[in-house]
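Note sheet for the following structure.
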Amino acid sequence: FEGLAIETEIDLHAEALTPDFKKMPPAEILRLQITTFENKMSKAIAMAMPEITFIHGVGNGTLKTEIQKRLSKNTEIKSYQDARKDKFGYGATLVKFK
């Protein structure tokens with residue numbers, strides 16, 4: 001069954017999501033990243049995962065800000081923080097569920 005594997009680290013870099021990223025305007029890339037984030041979040045909650053890490057990169061901080069805005073409003077979230085700096089630097093967010 002494809003798609004049933006539990007991913008605990010989700011790479012939201014444009015090049016990881018679509019081969020066409022070079023042709024896409026930044027707003028469209030951000031929309032794709034946010035949609036992917038929301039889909040993976042819903043799946044993680046539905047599967048009762050204890051936690052998940054979203055790799056968003058550092059960049060200009062737009063994606064990280066958008067993700068954290070959504071996390072702060074989600075009642076299923078126990079906490080979120082920068083994920084292991086030794087592994088990701090400041091480019092990932094660890095989300096823990098209730």
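The values are calculated or read from the model by the stated rules, or taken from the named source; none is laboratory data. Please read all numbers here as calculations on a predicted model, not as lab measurements. Ideal geometry is used to build each Cβ from the backbone, glycine not excepted, and the neighbour counts take in all protein chains shown. Only protein heavy atoms, including side chains, enter the accessible area calculation; ligands, DNA and RNA are left aside. Shrake-Rupley method; radii C 1.70, N 1.55, O 1.52, S 1.80 Å.
The loop-placed chymotrypsin sites (Phe, Trp or Tyr not before Pro) in the stretch 1-92, going by DSSP, that have at most 14 neighbouring Cβ atoms within 10 Å of their Cβ come out as Phe1, Tyr90.
When mean projected area of the Cα convex hull in nm² is calculated directly from the model, which label among (i) 11.1; (ii) 8.1; (iii) 6.6 fits? Answer by label: (iii). Ranking Thr18, Thr65 by solvent-accessible area of protein heavy atoms (1.4 Å probe, all protein chains present), from largest to smallest, gives Thr65, Thr18.
Which whole-number value in Å² is the accessible area per residue of the chain, probe 1.4 Å? Numbers along the way, then the final one.
Details: 6320 Å² over 98 residues.
Counting only protein heavy atoms, the per-residue value for the chain is 64 Å².
Excluding same-chain residues fewer than 8 positions from Lys73, which lysines have a Cα within less than 18 Å of its Cα? Correct list for Lys73: Lys40, Lys43, Lys64, Lys96, Lys98.
Considering only DSSP states other than H, G, I, E and B, which GluC sites (Glu not before Pro) in the stretch 1-94 qualify as loop sites with at most 15 other Cβ atoms within 10 Å? Working shown, then result.
Numbers: sites: Glu2, Glu7, Glu9, Glu15, Glu28, Glu38, Glu51, Glu66, Glu76; in loops: Glu2, Glu7, Glu76.
Of the GluC sites (Glu not before Pro), the ones in loops of the stretch 1-94 whose Cβ has at most 15 other Cβ atoms within 10 Å are Glu2, Glu7, Glu76.
Taking Arg70, Arg84 and ordering them by how much accessible surface each has at a 1.4 Å probe, largest first, produces Arg84, Arg70.
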